[in-house]
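Below is one structure, written out as structure tokens, with a few remarks after it.
The values are calculated or read from the model by the stated rules, or taken from the named source; none is laboratory data. Every value quoted in this text rests on a predicted model; they were computed, and no experiment measured them. Cβ coordinates were reconstructed from backbone atoms using ideal geometry, including for glycine residues, and neighbour counts include every protein chain displayed.
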Amino acid sequence: MENFNTDVYAETEFVKSLPRHAYTDDNIFKKERHTLFRYLPVMASPSCLLQEKGNYSVTDIASESIIVVRDKEGVINAMANTCRHRGKRLLEKTCDLEPQQRGLNSVVCPYHAWRYDLDGKLIVARGDQSNHSFRHLCLRKLQVQESAGLVFYHGRNKEYLQLQKLDAVLGVLKLEEAKIRERKTYTVKANWKLWVENFLECWHCAPNHPELSEVKGFINQFENGRDDLYLEDDFNWRSQAYTKGWVPPQDRDFEMDEDLFNFNVSMPLGGGRKTASKIGERMGATLGGADGLEGGAIFGGIGPFLFYMAYVDYVVLFCIRPQSTMQTEVELIWLTSKDFQAPVEELTWLWNTTIQQDITLVEETQQGVNSLYYTPGPFQADEYRTQAFTAWWQQWKQRNDQERVKK
């Protein structure tokens, strides 16, 4: 097994995909768990699930489980889902579509009945109520940030400025007033980076995603070299958006710093389609005040654990949750207006189909990467976001290698 600490990357290597051990080495995953997974923001829940005091959500990533809960003062807290007595998990993972009718009054450990307030403070250590030395045993807390109706947690002591930019992109959709219509979790037998690399490029879309290519006309336009048709569709869509009083957010095509990356791009669907449905017709009311989004879409991400697709009548959140070196959970959350009427099967048709096609591609890529004959390959021009992501990851790895050497 190649040594995590002695790999050295030349600048020229940044134009190639990652080496095999980046996707297969448990030591690298361990380092990611202690740094990337711990300190980078994870989307815990749409805020529409946390409207009332005691509403909560539980998110699992790698070996960590985090509780996000609105306390009695209305403040959202994020806490490790680990009892301070014997480490027992306190609450099970949630997959709610509606806010809980009866929220928590406190968090009680099922093992020895230690009880914590919703801000993490220990209320009762059963059998030792008079032992004040236990009072400092509060649940470990994490930072919470809320933006555009989405609640994130992370292990940094300061806020991520890139999260604040999300409101300028999705804020008009008023997701805090939306409803979760469906959510599905898919298990992918592959390293999380292979999934992210796949999702950041659409060069594979034309030969592998016939349904997506039918709904999004630009895929075949670019495949056939008809950029002129795309530009015409884009002009027409943006013109109608302006007449409806909606200005598409400024495109930001992969901005990154040493901690995080983000991007968002707006695009027309083309072909007279109003939304990303099987027949191209709308399935529900406009989300928020974005009538001008009809006929178009917004694709973006706050990397590397959240991506989103927004249409006039629904939004899909793609939550990436690494579990082990070669297993990743991908949760899709479909958000709509509260009076959305279309059947769930119609709403989820496109992305449920596309994600399963991607799972096959990514799992078979993992199988190929496992081979001793695998060598990093070059990027094609349309894979520029994937190339940028791999460069971002390699820069992270180099910094961590250097910091380890200093110690």
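Those residues that are under 29 Å from Arg38 (Cα atoms) and surrounded by 20 or more Cβ atoms within 10 Å (Cβ to Cβ), I need them from the range 262-290; list them, please.
Here is the first cut: in the range 262-290, the ones under 29 Å from Arg38 (Cα atoms) are 262-265.
Asn262, Phe263, Asn264 - these are the residues of the range 262-290 that are under 29 Å from Arg38 (Cα atoms) and surrounded by 20 or more Cβ atoms within 10 Å (Cβ to Cβ).
Scan the range 1-30 residue by residue and report those that are in a helix (DSSP H, G or I) and modelled with pLDDT under 95. Walk me through how you get there before you give the answer.
Within the range 1-30, the first condition is being in a helix (DSSP H, G or I), and the residues that meet it are 11-15, 21-24, 26-30.
Hits for the range 1-30 are Glu11, Thr12, Glu13, Phe14, Val15.
Out of (1) touching a residue at least 40 places away in the same chain (Cβ under 8 Å); (2) not in a strand (DSSP E or B), what's the single condition that is false for Arg321?
Of the numbered conditions (1) touching a residue at least 40 places away in the same chain (Cβ under 8 Å); (2) not in a strand (DSSP E or B), the odd one out for Arg321 is (2).
Here are some conditions: (1) of a type in the set (S, T, N, Q); (2) touching an Asp or Glu at 6+ places or on another chain (Cβ under 9 Å); (3) not assigned by TED's automatic domain parsing to the domain that holds Thr348. Gln164 meets all but one. Which one does it not meet?
The one condition Gln164 does not meet is (2).
Can you name the number of the only condition in (1) under 27 Å from Thr386 (Cβ atoms); (2) modelled with pLDDT of 95 or more; (3) surrounded by 21 or more Cβ atoms within 10 Å (Cβ to Cβ) that Phe299 fails?
(3)
Which count do you get for residues in the range 223-242 that are free of Cβ contacts under 8 Å to residues at least 24 places away in the same chain, assigned to a helix (DSSP H, G or I) and over 17 Å from Ile298 (Cα atoms)?
The total comes to 4.
Spot the failing condition for Ile76; the list is (1) of a type in the set (A, V, I, L, M); (2) surrounded by 15 or more Cβ atoms within 10 Å (Cβ to Cβ); (3) at positive phi, and only one is missed.
(3)
Among the candidates Lys189, Lys193, which residue alone is at pLDDT 95 or above, more than 25 Å from Pro249 (Cβ to Cβ), in contact with a strand residue (DSSP E or B) (Cβ under 7 Å, 6 or more places away or on another chain) and assigned by TED's automatic domain parsing to the domain that holds Asp382?
None of the others qualify; the one that does is Lys189.
Just a yes or no: is a residue in the range 396-407 under 26 Å from Pro268 (Cβ atoms) and among the acidic types (Asp, Glu)?
Among the residues of the range 396-407, not one is under 26 Å from Pro268 (Cβ atoms) and among the acidic types (Asp, Glu), which makes the answer no.
Would you tally the residues in the range 25-65 being within 15 Å of Cys319 (Cβ to Cβ) and of a type in the set (Asp, Glu)?
Number of matching residues: 2.
Okay, residues lined up against (1) part of a helix (DSSP H, G or I); (2) aromatic (Phe, Trp, Tyr); (3) at pLDDT 95 or above:
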site: Glu331; (1), (2), (3): no, no, yes
site: Gln341; (1), (2), (3): no, no, no
site: Glu346; (1), (2), (3): yes, no, yes
site: Trp351; (1), (2), (3): yes, yes, yes
site: Ile355; (1), (2), (3): yes, no, yes
site: Asp358; (1), (2), (3): yes, no, yes
site: Glu363; (1), (2), (3): yes, no, yes
site: Gln367; (1), (2), (3): yes, no, yes
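Please state which of the following conditions Leu194 fails to meet, knowing it meets all the rest: (1) more than 29 Å from Glu329 (Cβ to Cβ); (2) aliphatic (A, V, I, L, M); (3) under 21 Å from the mean Cα position of the chain (by Cα).
Every condition holds for Leu194 apart from (1).
Any residue that is closer than 26 Å to Glu177 by Cα, of a type in the set (D, E, K, R) and either surrounded by 18 or more Cβ atoms within 10 Å (Cβ to Cβ) or touching a Leu at 6+ places or on another chain (Cβ under 7 Å) (or both) - is there at least one of those in the range 308-322?
yes
Is it true that Arg102 is assigned to a loop (DSSP other than H, G, I, E, B), out of contact with any strand residue (DSSP E or B) (no Cβ under 8 Å at 6 or more places or on another chain) and either β-branched (Val, Ile, Thr) or in contact (Cβ under 8 Å) with a residue 40 or more places away in the chain (or both)?
When the stated conditions are applied, Arg102 passes them.
I'm trying to understand the selection: among the residues of the range 71-108, which are in contact with a helix residue (DSSP H, G or I) (Cβ under 9 Å, 6 or more places away or on another chain) and either closer than 22 Å to Leu317 by Cα or among the hydroxyl-bearing types (Ser, Thr, Tyr) (or both)?
Ile76, Thr94, Asp96, Leu97, Glu98, Pro99, Gln100
Show me the helices (runs of 4 or more DSSP H) entirely contained within the range 121-211 in which 1 or more residues are crowded, with 19+ Cβ neighbours inside 10 Å and without any contact (Cβ under 8 Å) to a residue 60 or more places away in the chain.
205-208
One residue is enough: does the range 232-253 have a residue meeting the conditions within 21 Å of His204 (Cα to Cα) and surrounded by fewer than 16 Cβ atoms within 10 Å (Cβ to Cβ)?
yes
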